[in-house]
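Comments concern the structure below.
The values are calculated or read from the model by the stated rules, or taken from the named source; none is laboratory data. Small disclaimer: the values here were computed from a predicted structure and weren't measured. Every residue, glycine as well, gets a Cβ built from its backbone with ideal geometry; the counts of neighbours run over all protein chains shown.
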Amino acid sequence: MPDRGGGPSGPRMRVGRPSRRVRTLLLTLGVLAVLAMLFVMFAGFWTDWLWYRSVKYSSVFTTTLWSKIGLFAVFGLLMAVAVGVNIWLAHRLRPPLSAMSMEQQNLDRYRMGIAPYKKWILLGITALVGLIAGASAAGQWRTWLMWVNGVPFGQKDPQFNLDVAFYAFDLPWYRFLLGFGFAAAVLGLIAAALTHYLYGGLRVTSPGARATAAATGHLSVLLGIFVALKAVAYWLDRYGLAVKSSEFKAAGNWTGLRYVDANAYLPAKTILFCIAAICAVLFFATLWRRTWQLPVIGFGLMVLSAILIGGLYPAIVQKFQVEPNEQKKESPYIKENIEATRKAYGIQDAKVTDYSGKGKTGEQVPKEQLRKDADAQASYRVIDPNVVGPTFDQLQRQRKYYQFPTTLDVDRYKDANGKEQDTVIGLRELDLDGIPKRNWINDHFTYTHGYGAITAKGTGTDPKADPAGSPDFTESGLPTKGMLGEYQQRIYYGEKTQQYSIVGGPQKELDYEADGEKTTSYEGNSGVNLANPVNRAAYAVAFSEPQILYSGAIGEGSRILYNRTPKERVEAVAPWLTIDGDAYPAVVDGKIQWIVDAYTTSNGYPYASRTTLGDTTADSLTAANNQRAVVAQENQVNYIRNSVKATVDAYDGSVKLYQWDEKDPVLKTWMNAFPDTVKKKSEISPELREHMRYPQDLFKVQRELMTRYHVQSPSQFYSGSDVWQVPNDPTNNEKNAVPPYYLSLKMPGDKEQKFSLTTTFTPNGRPNLGAFMAVDADANSDTYGSISVLNVKSEVPGPQQVQSELNGDPEVAEFVRNLRGTDSDIVYGNLLTVPMNDGFLYIEPVYVKGGSANYPLLKKVGVQYNRNTVFKNTLGEAFDEIFGAQGDSPDQPPTDPDQPPSTDPTVQQALEDAQNALERGEEALKKQDWQAYGEAQQDLEEALKRATDAEAKAREEETGNKSGAKAGDKAGEKAEDKSGDKAGDKNGG
């Protein structure tokens, strides 16, 4: 026998199927790959569940999960059935093979090819479309929950007299159902047509009949369903006109009906609904008539009607009825738009009053009174939180692995006398980039938290500080000491803390370094326990970090902390809220709490104009510090409420949601959907409420709407003659909107200062001041949220003009010249605008950055009043220049050197009080604390009045009214002279 390989006695080479061992290995690898994929999917699900359970919001996870699963299953199954049944029915209605044309017989090889697999093909197609449809429907869980749990608004639209809840909660769900129905009808029609063609029910190229009677009936029903859905769409479009967006040259972005909508589109939609309904009946009638002649004619008429009635007719009405007399025609609809927009954005109660803007001069009001008014008008926050972040960082950072945010926050804390003062606050958070040696243990086990809150007076600098111009810190050091008392200083959750940490286990954490290295071990209940090996494996996969699985640094008690920024945590536990861009810290009841403002929004408020939050809340700060903007909310909305105040504990990460707006129907709807997740407003502690404030992002949305909607006259609104604009920030050249400022001030008519959020407006296209707007931002105030707008009626310089005049001041020019060659730069602080005596007082701190201190230090203050601009070392000097020094008034009563001092105890006590007030004023002057100085001056004035009254009364009893009055005047003059002499020697007044 010939040799066939391997030699006469050698084995033959086996070629073809792999050996059993190889097949087993491949099968094992395949099973392992599938298990690995399943575990990756499980890891994501399991870690999410563990996290929600750790923050005690597992109901949010389960409610959301079951809503998604339910929608996926129901609509995925409906779509699969819609497509599968039509394929099955088309196959069942196929003609016999003998009746097929030559064209269809040529498809026989395709039919024969799929015949053995037709069941699997049917299942595959239906499963694919079901999965796609189910996944799309699962994304509508918010729409579903709002429809199921919707609460009435108690307000009705003017056109259809339906509650706003219909547009906010019901209409979006009906539109989703309609869209799903269209998709099911179209996919079912396509699947049926292909099946009919494949099995001979439809013919394309063969002569004669193009479709069998069975195919004709089947496809006609499907077309009838499609047209019937179109009729429903026409009917819903009628209501959609109330929330339709359009461009209106008189108002820009317009929402709601206009004249052409109410008088052309609305009747057109009704007529088209009737035509579509008749057309659908004609398609259904094909089951008996077996001809498409009437349905096709009806469908053609419907298309033609849509063009003529739905398109051409409204255009004719707009051209020949509206445009010749547009203002009169549109006035009723403009009125509805104004009213709805003001209600939807919470500005319907804004108080707009005319304001002269031309301040009173020394000829109209004594200079002494002007100076007193200036001192008491506001707590002038010369420490700008948007500038001094680097200063805090340089002076209080203490270690390289700590950091402060670039933009700090403004809050209110009580001073030693128990009076509230505006305070700048920032947290000393962890900075991993400053760790001496970067590795996995250091990044995630050793360096885990920041330490301490640093505060400074907002109204002045510390004259004893080195270098001069530094903030007057009221809480500082490491650990911190000062006005905050004892509190938990460790910061495990913060705006800068974005990495995960593993705490509480065998590995000790670095606490802080002061007189030696201090270590600690986390004792909070936050995070997920990693003692369980399943949890460790899941997090190793979820974080793509295998060391979590086998590291010896993880043991009994180890917990993993993640999702550590306040915004992330609130967004996770309340995915139905829109979060404000600026979470701010407060020390409350011995804990650092992040306070987060959250909003409920809707885009279904009829007639209310829409705005895009991401654009509206952008300003010069968000341009430089993007995380403070509502950048995640890019969809347009036309309803917003600050309905929830949330807190995040900086130590244990606990999240609490409080119902702030108890009337908001959108919040009530979500509270029905997620019961027991939002606490009642009454559960907010008084200590926490003291630090709550009106949110910036809501205020920025409202001020943008107020540029146009401060006008309530339709004719004036249409003409656009009184449109305002938010001016650009004059302190930089980036041409971004000026941010609003927190400031304690007195608005005209107020008797005391209120913590407020303020902004300015300029007329559209002009630089002068058009209006000033302030909202009461103190959550403890009875008038919290009340908006006051001063409509300026005189030609008053706006922020940009004031900045230009300040830059042109000779003292500023000299100051700039002196800085040349010193590697120093000027940094302009917030330009504060304060209404006073029918005019406006502008205050702008000026910082110098560079030289020996490469961080901003307050060096100068610019002030303008009645076009009088000064540039001095301190605010007191600037006030001296503009109003005259305290005590220089010629109107003081003459002194009598022969009059002996009074021995009356009431007078003596009053003079002692005056002396104490004077000393407090001197101390405030040294620190440039203008709020404390203003309060001291008020106390001094009251004490002097008591002394004068008491002395006069005593003298009247002894020698008569004349001598008593003279002694009283002498006592008052003596104290006032002493006050004036001392205050005049200082740098403020």
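Within region 474-494, being under 22 Å from Thr461 (Cβ atoms) and either part of a strand (DSSP E or B) or within 28 Å of the chain's Cα centre (by Cα) (or both) holds for Thr474, Glu475, Ser476, Lys481, Gly482. Within region 227-261, the set of residues being under 30 Å from Ser721 (Cβ atoms), in a helix (DSSP H, G or I) and hydrophobic (A, V, I, L, M, F, W, C) comprises Leu241, Ala242, Val243, Val260.
The condition of being of a type in the set (Asp, Glu) and under 30 Å from Leu857 (Cα atoms) holds for only one of Asp354, Asp409, that being Asp409.
Is it true that some residue in region 754-762 is modelled with pLDDT of 90 or more, part of a helix (DSSP H, G or I) and of a type outside the set (D, E, K, R)?
No, every residue in region 754-762 fails to be modelled with pLDDT of 90 or more, part of a helix (DSSP H, G or I) and of a type outside the set (D, E, K, R).
For region 533-556, the candidate set comprises residues that are touching a Leu at 6+ places or on another chain (Cβ under 9 Å) and in a loop (DSSP other than H, G, I, E, B); within that set, the residue that is surrounded by the fewest Cβ atoms within 10 Å (Cβ to Cβ) is Gly555. Quick check on region 445-458: of everything there that is crowded, with 24+ Cβ neighbours inside 10 Å and in contact with a helix residue (DSSP H, G or I) (Cβ under 9 Å, 6 or more places away or on another chain), which residue is nearest to Gly504 (Cα to Cα)? So, considering only residues that are crowded, with 24+ Cβ neighbours inside 10 Å and in contact with a helix residue (DSSP H, G or I) (Cβ under 9 Å, 6 or more places away or on another chain), the one nearest to Gly504 (Cα to Cα) is Gly452. If only residues of region 742-777 that are acidic (Asp, Glu) and under 19 Å from Glu935 (Cα atoms) are counted, the one that is surrounded by the most Cβ atoms within 10 Å (Cβ to Cβ) is Asp750.
Tell me, yes or no, whether region 649-666 has at least one residue that is part of a helix (DSSP H, G or I) and not charged (D, E, K, R). Break it down into steps so the answer makes sense when it comes.
First pass over region 649-666, keeping only residues part of a helix (DSSP H, G or I): 665-666.
If we keep only those that are not charged (D, E, K, R) too, we end up with 665-666.
Yes, region 649-666 has at least one match.
Answer with yes or no whether Glu571 is assigned to a loop (DSSP other than H, G, I, E, B), not assigned by TED's automatic domain parsing to the domain that holds Ala43 and not hydrophobic (A, V, I, L, M, F, W, C). For Glu571, the condition - assigned to a loop (DSSP other than H, G, I, E, B), not assigned by TED's automatic domain parsing to the domain that holds Ala43 and not hydrophobic (A, V, I, L, M, F, W, C) - is not met.
Taking region 364-376 as the range and being surrounded by fewer than 21 Cβ atoms within 10 Å (Cβ to Cβ) and more than 16 Å from Leu940 (Cα to Cα) as the test, the residues that pass are Gln364, Val365, Pro366, Lys367.
When region 354-379 is filtered for residues that are in a loop (DSSP other than H, G, I, E, B) and touching a residue at least 60 places away in the same chain (Cβ under 8 Å), the ones remaining, listed by number, are Ser356, Gly357, Lys358, Gly359, Lys360, Thr361, Gly362, Val365, Pro366, Ser379.
The residue of region 522-550 that is farthest from Trp49 (Cα to Cα), among those that are of a type in the set (Ser, Thr, Tyr) and without any contact (Cβ under 8 Å) to a residue 24 or more places away in the chain, is Tyr550. In the condition set (1) within 23 Å of Val711 (Cα to Cα); (2) touching a strand residue (DSSP E or B) at 6+ places or on another chain (Cβ under 6 Å), Gly829 is compliant with all but (1). Consider region 720-741 and keep the residues that are over 24 Å from the mean Cα position of the chain (by Cα) and free of Cβ contacts under 8 Å to residues at least 12 places away in the same chain. The one that is surrounded by the fewest Cβ atoms within 10 Å (Cβ to Cβ) is Asn733. Here Asn386 fulfils each of the conditions (1) in a loop (DSSP other than H, G, I, E, B); (2) buried (at least 24 other Cβ atoms within 10 Å of the Cβ); (3) of a type outside the set (Val, Ile, Thr) apart from (2).
On the stretch given as region 277-293, residues that are farther than 27 Å from Trp235 by Cβ, part of a helix (DSSP H, G or I) and β-branched (Val, Ile, Thr) total 0.
Among Thr255, Thr212, which is of a type in the set (S, T, N, Q), modelled with pLDDT under 95 and within 46 Å of the chain's Cα centre (by Cα)? Show your work before the answer.
Values: Thr212 fails: within 46 Å of the chain's Cα centre (by Cα).
Just one listed residue meets the conditions, Thr255.
In region 412-436, the residue that is nearest to Gly557 (Cα to Cα) out of those that are touching a strand residue (DSSP E or B) at 6+ places or on another chain (Cβ under 8 Å) and of a type in the set (Lys, Arg) is Arg428.
Restricting the first member to region 437-449 and to residues that are within 14 Å of Arg559 (Cα to Cα) and assigned by TED's automatic domain parsing to the domain that holds Val503, and the second to residues that are modelled with pLDDT under 95 and basic (Lys, Arg), the beta-carbon pairs closer than 8 Å and six or more apart or on different chains are Thr446/Lys508.
The residue that is modelled with the highest pLDDT, counting only those in region 11-61 that are of a type in the set (Gly, Ala, Ser) and in contact with a helix residue (DSSP H, G or I) (Cβ under 7 Å, 6 or more places away or on another chain), is Ser58. With the requirement that a residue be in contact with a helix residue (DSSP H, G or I) (Cβ under 8 Å, 6 or more places away or on another chain), of a type outside the set (S, T, N, Q), outside any loop (DSSP other than H, G, I, E, B) and modelled with pLDDT under 90, what does region 591-640 give you? Hits for region 591-640 are Leu613, Leu621, Arg628. Hey, Val701 hits all of (1) among the β-branched types (Val, Ile, Thr); (2) in a helix (DSSP H, G or I); (3) over 21 Å from the mean Cα position of the chain (by Cα) but one; which does it fall short on? Tallying (1) among the β-branched types (Val, Ile, Thr); (2) in a helix (DSSP H, G or I); (3) over 21 Å from the mean Cα position of the chain (by Cα), Val701 fails exactly one: (3).
The numbered conditions (1) closer than 30 Å to Thr578 by Cβ; (2) surrounded by 17 or more Cβ atoms within 10 Å (Cβ to Cβ); (3) modelled with pLDDT of 95 or more are all true for Gln159 except (3). Going through region 465-486 one residue at a time, which ones are over 27 Å from Leu858 (Cβ atoms) and in contact with a Lys or Arg (Cβ under 6 Å, 6 or more places away or on another chain)? The answer is none; no residue qualifies.
Conditions (1) closer than 26 Å to Pro686 by Cα; (2) modelled with pLDDT under 95; (3) assigned by TED's automatic domain parsing to the domain that holds Val834; (4) not in a loop (DSSP other than H, G, I, E, B), marked per residue:
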residue	(1), (2), (3), (4)
Arg766	no, yes, yes, no
Ser781	yes, yes, yes, no
Ser794	no, yes, yes, no
Val802	no, yes, yes, yes
Phe815	no, yes, yes, yes
Gly821	no, yes, yes, no
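Would region 68-77 turn up any residue that is surrounded by 13 or more Cβ atoms within 10 Å (Cβ to Cβ), touching a residue at least 12 places away in the same chain (Cβ under 8 Å) and under 29 Å from Val648 (Cβ atoms)? The answer is yes, given that some residue of region 68-77 is surrounded by 13 or more Cβ atoms within 10 Å (Cβ to Cβ), touching a residue at least 12 places away in the same chain (Cβ under 8 Å) and under 29 Å from Val648 (Cβ atoms). Inside region 242-297, residues that are of a type in the set (S, T, N, Q), in contact with a strand residue (DSSP E or B) (Cβ under 8 Å, 6 or more places away or on another chain) and in contact (Cβ under 8 Å) with a residue 24 or more places away in the chain make up a count of 3.
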